[in-house]
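A quick write-up on the structure given underneath.
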Amino acid sequence: MAEFNDLPIELLPFIIQYLVNLKPQHLAWPGQVSKAFYRCAVPKLYAFPMLHAVAGFDRSSNVAWNKVELDSLSFFAERYAFSNERIKLQVKQLLWTLANCPRLARFVVRLDIRYFPEVLGAAERDAVFSMCFKAIRNCRLLRSFAWTRDFSLSTRILYDLNRYCPNLDELEFNGRPNGNYDPKALVNFIGLRSISVFAPGPEVMGMFPMWMVRTGDSLRSLTLNSTSSNHLVTDVLLESIAVSLMRLEQIRIVGCRRVTHRGIYALFSKNIVGIRSLGLEGLSELFEMSEFVNNCQHTVALTHLHSFTITSPVTGVTSDWLTSLSQLLQSSPLQTFYLYTPGGVSSAAERLDDYPFVEELCKSHGGTLIQFGVLSLRVRLDTLDILVEKCGNLEQLFVWMEQDDLIFFPSTVSRAKFLQSIHLNFVLWPGYHSDITLEGLHAIVKDCPSTVTQFGARNHETSLNNVYRIPVPRRDGSGFDMRVKLGPLENADTPEWLRGTVRVS
C-alpha cells in the first residue's frame, strides 16, 4: 500500500499551500514533522502577519518566534483587543528574538509595528528600544517597514533603518514626530517605491517636497492618510510635489479635507506611466467631479487604472455626479470598484438604483470587473441581477440591501460562477430590529454558489467568516448532502476591500 512518504517531495509545497489561509499553528505543526516539511512550511508560515488583533496570542506563536526561520514577519495589535501587559510581552518577545537570533532575523522581509505599549517605565523603555535597535540591525534583508504608533518612532530607528537595511523600499510611518524623531532623517531614505504617511504633521509636511525631489523618481506608491481636523495636505502641497512624482502607479489620499480636484489633477497631469490604483476618500467638499473629468481628458493617467475607491460628496450622491464618475472611468480597464458614502447609516435611504450608474459601469467594465463594493447606498435585486449578468468574472461583492430582499439574494447571485467573497449590509431603520439569526445566515450561504469561501453580514460581530462545506451522508445511503458552517476568518490579513472605510462627519 502506498504511503504518504512515497509522494514525490516536489508535491509537498503544493500541499502546504492549502494551509496558508488557516491559523498560524496549522503551518507551524507541519514545520515540526521533518526537515523537508520544515523547509516548505516555515516560509509560508511567516509570509503573513502572525500577531493580529483578530488572531490573538497563544503558545504556538510564542514557540514559533524562537524555532522557526522567518521569511516575513509582521506585528499587528490594537488597543481595544489586548491589555497593555500582554502588548508589552508580545513586543518584548518579538524584538528579543530578532535582536538575539541573527540567523532568524536575516529572513525577515517585512516588519510592521502598529501598536506599542503606552505605559513603560524609563528603564523598561530603554531596554525595549535597545532590543529594537539591535533587531533592525539584524534584519539586513528587510524590504518593508511600518511603525504607525504615536509617541514611539525615534530618530535612532530611522537612522538604523537607513544604514542597515539597504533593500528597504516600502516605508509606512506616523507623521507626527511629537519631538520623538527628527523629520529631516526621512530625507535620507531615497530609492523607495512606496511611502505611506499616517496623520502627517507640520514638520513632516514641511520637508515633504524636498524628500520627494530625492526619492520621487523611484516612487510608485504614495498614501497620505490624514484626519478631518488636519489641514496640512492641500492642493498647493500636491502641486509642489507633482513634478517629482511622474512615475506614480498607486495614489491614495484619505481624509485630506483641503484637497480638491485641482490637487489630484496636478498629480495626474505630470504622470507618464499611468495610474493603476486610485483612492480618493474623504476629500474637500469643493471637489468638482465634472471639472475633474474634463481636465483628465487631456491626460493618459487613467488608461491603465485597475482599482478605484472613492467616497461620495458629503452633500449626497446625485445623478450628475455619478454620470461624471462613469465618464471618468470609461476608458479604464477597471477590475475593482468601491464607493462609500460619508454619512454611514444615515445616508442609507439613498439608492444606487435610482441612477443608471451600475448599468453604465457594467457596460464599460463588465468583462474586467472582479470586485464591486458599495457602502451605505442600497442596491435593489434587479440592479444586482444586472451586475451578476454583465460581470461574468465577479469574485467579490460588498453591497447594502433591504433586509426583506435577503431571502432572494442567493438565487440572484447564483449565476456568478467565480464569486468567492460576499459581504452584506442591510438597512436597519430606527426602531426596527434585525431578526436575521446565525441559522438564517447559514441558509443564505447554503444556497449561494459553491465557489463562495468567505461570507459576512452586518448584524454579526464577526464581519467576515470562512465558509466550510461538510459532506454529510444521507440516511438512506443514496449519497451526500453538503452542510454549511461559518467559522471566523483565520488568516491574520484583513482583506483589502474591508479596510479603512473613511467616515466624514
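The values are calculated or read from the model by the stated rules, or taken from the named source; none is laboratory data. Just so it is clear, the model here is predicted, and its values are computed rather than measured. No Cβ is skipped: glycine too gets one built from the backbone with ideal geometry, and neighbour counts run over all protein chains shown.
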TODO: Collect the residues in region 251-276 that are under 22 Å from THR336 (Cα atoms), buried (at least 19 other Cβ atoms within 10 Å of the Cβ) and not aromatic (Phe, Trp, Tyr), keeping them in residue-number order.
DONE: ILE251, ILE253, VAL254, GLY255, HIS261, ILE264, LEU267, ASN271, ILE275, ARG276
Task: Matching residues in region 341-354 - criterion: being crowded, with 20+ Cβ neighbours inside 10 Å and either closer than 16 Å to SER319 by Cα or at pLDDT 90 or above (or both) - done: THR341, LEU352
Open item on the list: Go through (1) without any contact (Cβ under 8 Å) to a residue 60 or more places away in the chain; (2) surrounded by fewer than 18 Cβ atoms within 10 Å (Cβ to Cβ) for PRO313 and report which single condition fails.
Closed with: (2)
- [ ] Give me a count of the residues in region 183-207 that are part of a helix (DSSP H, G or I), farther than 22 Å from SER284 by Cα and not acidic (Asp, Glu).
- [x] 7
Open item on the list: Looking only at region 73-91, filter to residues that are surrounded by fewer than 16 Cβ atoms within 10 Å (Cβ to Cβ) and either among the charged types (D, E, K, R) or within 21 Å of LEU141 (Cβ to Cβ) (or both); which one of those is modelled with the lowest pLDDT?
Closed with: ARG79
- [ ] Could you tell me whether VAL399 is under 26 Å from GLY255 (Cβ atoms) and at pLDDT below 85?
- [x] no
Task: Tally, over region 293-308, of residues that are under 18 Å from THR260 (Cβ atoms) and hydroxyl-bearing (Ser, Thr, Tyr) - done: 1
TODO: Confirm whether MET210 is part of a helix (DSSP H, G or I), aliphatic (A, V, I, L, M) and free of Cβ contacts under 8 Å to residues at least 24 places away in the same chain.
DONE: yes
Open item on the list: Checking ASN180 against (1) touching an Asp or Glu at 6+ places or on another chain (Cβ under 7 Å); (2) farther than 21 Å from ARG110 by Cβ: exactly one of these is not met. Which one?
Closed with: (1)
Open item on the list: Among the residues that make up region 429-441, is at least one of them among the polar types (S, T, N, Q) and modelled with pLDDT under 70?
Closed with: yes
Task: Residue satisfying all of: in region 257-270; modelled with pLDDT under 95 and in a loop (DSSP other than H, G, I, E, B); nearest to GLN297 (Cα to Cα) among these - done: LYS270
Open item on the list: Considering only residues that are buried (at least 20 other Cβ atoms within 10 Å of the Cβ) and modelled with pLDDT of 90 or more, which ones fall in region 330-340?
Closed with: SER332, LEU334, THR336, PHE337, TYR338, LEU339
Open item on the list: Please pick out the residue among GLU402, GLU359 that is surrounded by fewer than 17 Cβ atoms within 10 Å (Cβ to Cβ) and within 14 Å of SER326 (Cβ to Cβ).
Closed with: GLU359
TODO: Select from region 243-280 the residues that are charged (D, E, K, R), within 22 Å of LEU192 (Cα to Cα) and over 23 Å from the mean Cα position of the chain (by Cα) and list them in ascending order.
DONE: LYS270
Open item on the list: Can you name every one of the helices (runs of 4 or more DSSP H) wholly within region 96-174 that holds 3 or more residues which are surrounded by fewer than 20 Cβ atoms within 10 Å (Cβ to Cβ)?
Closed with: 122-138, 155-164
